[in-house]
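Working notes, beginning with the structure itself.
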Amino acid sequence: MNGRFEGLVAIVTGAAGGIGMATALRLGTEGAKVALIGRGGDTLSAVEDALRAQGAVGRGFVCDVSDEAAVETTTAAVVAAWGRLDAVVNNAGMMLFKPLQDYSGAEWQQVLGVDLMGAVHFTRQAFLHMKEGGAIVNVASVHAAMTTPLVAPYAAAKAAMLSLTRSASIEGKALGIRANAVLPGAVDTPMLWSNPNLKSGAERLDPADVGKPEEVAAAIAFLAAPEARFVTGASLAVDGGRLAKL
């Protein structure tokens, strides 16, 4: 299979569905061998099957991204299996919905552990394993810039992810490693439609402002691809113009 990622190896976290699955399929069908990172083996197997049906190569790795030791072990297994690491897409994420004063410290740690520290752990492993030409793409959110009630830990984590992206782009330059972020808006995924702010009417969405996972995956693929070698430290809104009018 020929494509922009022919001969390259990519890690995609949160690969069991939504943006992560769409990204894995996009990278895989363009030639990458894709390590699918998720919490459940059964759901990852379905993505493996979807890749195989497209003539692409993917393998599931069960890993809690908030567990630094598990991330280290998983990355080592990916490199052992395929001999290299060229791209990391930090997409794993979770949300809780509560008034700020009702969040416990443990709940803050839970959200930050997945949404921020997962990216921190995989960025560290990328720096340790990638050669020149490697790329990191962090999937942040429009909540990093403009947010809504009840999601304070998520918004804080996504804002911090942009700062992590900037730091990684600065420190990665000498290593030949790029780091960029995308800020998806409302995307047609289970995470969007389970949002109680939408269910209650506290937050309203114009259907024209809801994108598809594949549209975000296209932006991620560009930032991860060798053709974007002069793009680093960037934060790209993929939101149908939502931030422009908030």
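The values are calculated or read from the model by the stated rules, or taken from the named source; none is laboratory data. Since we're looking at a predicted model, the values are computed, not measured. As a convention, Cβ positions derive from the backbone with ideal geometry for all residues, glycine included, and neighbour counts pool all protein chains shown.
Of note:
- Of the criteria (1) modelled with pLDDT under 90; (2) of a type in the set (Asp, Glu); (3) in contact with a strand residue (DSSP E or B) (Cβ under 7 Å, 6 or more places away or on another chain), which one Asp206 fails: (3)
- Among (1) assigned to a helix (DSSP H, G or I); (2) at pLDDT below 95; (3) more than 16 Å from the chain's Cα centre (by Cα); (4) not polar (S, T, N, Q), the one test that Pro153 misses: (2)
- Just one of the listed residues (Leu192, Leu198) is more than 19 Å from Arg166 (Cα to Cα), at pLDDT below 95 and more than 21 Å from the chain's Cα centre (by Cα), namely Leu198.
- Taken over region 221-246, the residue count meeting the criterion of being farther than 30 Å from Ala126 by Cα and surrounded by 14 or more Cβ atoms within 10 Å (Cβ to Cβ) is 3.
- Only residues that are in a helix (DSSP H, G or I) and under 21 Å from Ala24 (Cα atoms) were counted across region 128-150, and they come to 1.
- Considering Pro99, Pro153, the condition of being out of contact with any Cys (no Cβ under 6 Å at 6 or more places or on another chain) and buried (at least 20 other Cβ atoms within 10 Å of the Cβ) is satisfied by Pro153 alone.
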